[in-house]
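Enquirer: One structure, pasted below without further comment.
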Amino acid sequence: MVRRRIRGAFDFFDTVGRLPPLERQLLRLSHREGRVTLLQAAAAVGRSKNEVEAALESLVSQGLLSAGGFHNIRFYEIGLPTAAGVSQDRFPSGPSIPLVYHFNLLSDCRRTDAFRRAIAACVRQGDTVIDLGCGTGVLAMFAADAGATVIAVEADPMVAEAAEYFVRSNGYASRVRVVEADSRQLEDGIDADVIICEMLDTALIAELQVEVMNDAVKKWLKPDGHTIPQAAVTTAELVHADYKFSGMDFRLIHFEEYGARQSGPALSDAVEFHRVRFDQDNDVSIDTTIDMVPSRPCAVNGVRLCTSVALTDDIVAHGSPWFNPPLVLPFDDLEVKPSERVRLGLSYGLGAGFSSVRYSVSKQSQARARRGKRSK
Ligand SMILES: C[S@@+](CC[C@H](N)C(=O)[O-])C[C@H]1O[C@@H](n2cnc3c(N)ncnc32)[C@H](O)[C@@H]1O
């Protein structure tokens, strides 16, 4: 296996010594407390929320703290810098999928079979294929079956080692080369007929699909080359979910999978709010408003996001247990009728994880919603 990990030299004490006083104070506070919210930190150092937020975010960008959160509460904790630049967030909120979950990915037959068919339809004998985030190497081996020579890239060292083993033990070593690296840190110099990348997740929030593909297409894709997948579309729809467990209310962002309770039928049309083609350069952030019209008078308390993926022109994969399961953003109960709109303000970074998600929900009369849209 080829190891291409770049380990940056990092001197903690030298870095801390050069920090501005407020950042040094906040870093000491975080080390003492382990984890602080923005409001706690501002109260502890007696400075304004804005000043403290800027200083904490600066510490995050230097890799000295990591940020997390749920709903709109952001917290900061001691974080180790990752030389490879891959966040240490783990499934299901981050880009890293520990080895123990790869059997589950393989077991999701709808997912794996859709990729197998797409690869068989797209890859030709003699092609050069790059498989980004190869995991166990399964998609790389499908591409080899179609006659390609494959470079399979995986950032997680333990997973890359497993891929190397499975490629060898299944008899593909002469056709699939495993490279342990963050694909964004690899150089150009490969002309790929096909780039495969399965770093997909619902609404493209947690995994690095867009950022990795933006980089890979520029570096490696031949002008007449193809990507698998081709495109992804995300929609939002109103639902009514039951957040009560043992009489207590737990309004949490959740996937309608992995054994979680389902919220039932959609109470509005599904409104498309995001579409990407992976052979183009795409924005890595979303900041949008989405108006949903209730289909009947009812109570709503959640927005369900669903992502469909076109693997080829003809093969479209919808949510399945380990591939973009529906994601519900909860809010307080709202009584609504079809003459009204429910407006969702939504922003997040693609690949930036759930801590980047911010949203708000409000009820609008149809006339007000139209006026708002016109003045934008
Ligand atoms: C959803 S899994 C897909 C695994 C495999 N391709 C499959 O379909 O079963 C995504 C994989 O991408 C890897 N990954 C995430 N970010 C990466 C990056 N920047 N460069 C290379 N691999 C990455 C993760 O460690 C994980 O193994």
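Rule-based calculations on the coordinates, nothing more; no lab input. Please read all numbers here as calculations on a predicted model, not as lab measurements. Neighbour counts are summed over all protein chains in view; Cβ atoms, including those assigned to glycine, are modelled from backbone coordinates with ideal geometry.
Enquirer: Using a 7 Å offset from the Cα along the Cα-to-Cβ direction at both Arg358 and Glu77, what is the distance between the two label points in nm, to one decimal?
Expert: According to this spin-label approximation, the distance is 2.3 nm.
Enquirer: So, one more: Report the percentage of all Cα-Cα pairs in region 72-229 whose separation exceeds 19 Å, rounded to a whole percent.
Expert: Percentage above 19 Å: 53.
Enquirer: Also, quick follow-up: So what's the gap between the Cα centers of region 290-315 and region 106-140, to the nearest angstrom?
Expert: For region 290-315 versus region 106-140, the Cα centre distance is 28 Å.
Enquirer: Quickly estimate the mean residue ellipticity at 222 nm for the chain, helices only: each DSSP H run with n ≥ 4 gives -39500 (n - 2.57), and the total goes over all residues, rounded to 500.
Expert: It comes out at -8000 deg cm²/dmol, rounded to the nearest 500.
Enquirer: Farthest toward the dipole's positive end in the chain, which of Phe142, Pro98, Ser30, given Cβ charges of +1 (Lys, Arg) and -1 (Asp, Glu) about the Cα centre?
Expert: Projecting each Cα onto the dipole axis, the largest value belongs to Ser30.
Enquirer: Answer rounded, prolate or oblate for the chain, using the Cα gyration tensor with square roots of eigenvalues a ≥ b ≥ c: rounded when a/c is under 1.5, else prolate when a/b is larger than b/c, else oblate.
Expert: The shape class here is oblate.
Enquirer: Another question, if that's okay. Give the calculated FRET efficiency between Gln280 and Gln366 to the nearest 0.05, with a Förster radius of 30 Å applied to their Cβ-Cβ distance.
Expert: Calculated value: 0.30.
Enquirer: Treat every Asp and Glu Cβ in the chain as -1 and every Lys and Arg Cβ as +1, leave all other atoms uncharged, and give the resulting dipole magnitude about the Cα centre to the nearest 20 debye.
Expert: 1080
Enquirer: Could you compute Rg(Cα) / (2.2 N^0.38 Å) for region 21-78, with N its residue count?
Expert: Its radius of gyration relative to the 2.2 N^0.38 Å reference: 0.96.
Enquirer: Next up: Computed FRET efficiency, Cβ-Cβ of Met248 and Asp188, R0 51 Å: what is it to the nearest 0.05?
Expert: With a Förster radius of 51 Å, E is 0.40.
Enquirer: Something else about it: Given +1 on the Cβ of Lys and Arg, -1 on the Cβ of Asp and Glu, and no further charges, what dipole in debye does region 226-265 carry about its Cα centre, rounded to the nearest 20?
Expert: Approximately 80 debye in magnitude.
Enquirer: Something else now. Note the direction-averaged projected area, equal to a quarter of the hull surface, for the Cα convex hull of region 204-314, in nm².
Expert: It is 9.2 nm².
Enquirer: At a Förster radius of 51 Å, what calculated FRET efficiency corresponds to the Cβ-Cβ distance of Lys218 and Ala44, to the nearest 0.05?
Expert: Computed FRET efficiency for Lys218 and Ala44: 0.70.
Enquirer: Sticking with this one: Would you calculate the separation in nanometres between label points at Val271 and Val233, each defined as 7 Å from the Cα along the Cα-to-beta-carbon direction?
Expert: Distance between the two pseudo-spin positions: 1.7 nm.
Enquirer: According to the Cα gyration tensor, what semi-axes, each the square root of 5 times an eigenvalue, does the equivalent ellipsoid of region 282-353 have, listed from largest to smallest in whole Å?
Expert: So the equivalent ellipsoid measures 26, 16, 13 Å along its semi-axes.
Enquirer: I've got another one for you. So how strong a dipole does region 244-310 carry about its Cα centre when Lys and Arg Cβ are +1 and Asp and Glu Cβ are -1, to the nearest 20 debye?
Expert: Magnitude of the dipole: close to 440 debye.
Enquirer: Okay, moving on. Compute the distribution of all C-alpha to C-alpha distances in region 145-252, in bins of 10 Å from 0, and list the percent of pairs in each, rounded to whole numbers.
Expert: 12, 33, 29, 12, 12, 3
Enquirer: I've got another one for you. Which residue fluctuates the most in the chain, going by a Gaussian network model with Cα springs under 10 Å, if the choices are Arg74, Arg110, Arg28?
Expert: Checking each option, the largest mean-square fluctuation is seen for Arg28.
Enquirer: Continuing with the same structure: Based on the mean of other beta carbon atoms within 10 Å per residue, what is the order of 331-339, 119-127, most packed first?
Expert: 119-127, 331-339
Enquirer: In the P(r) worked out for region 252-376, what percent of Cα pairs fall beyond 26 Å?
Expert: 27
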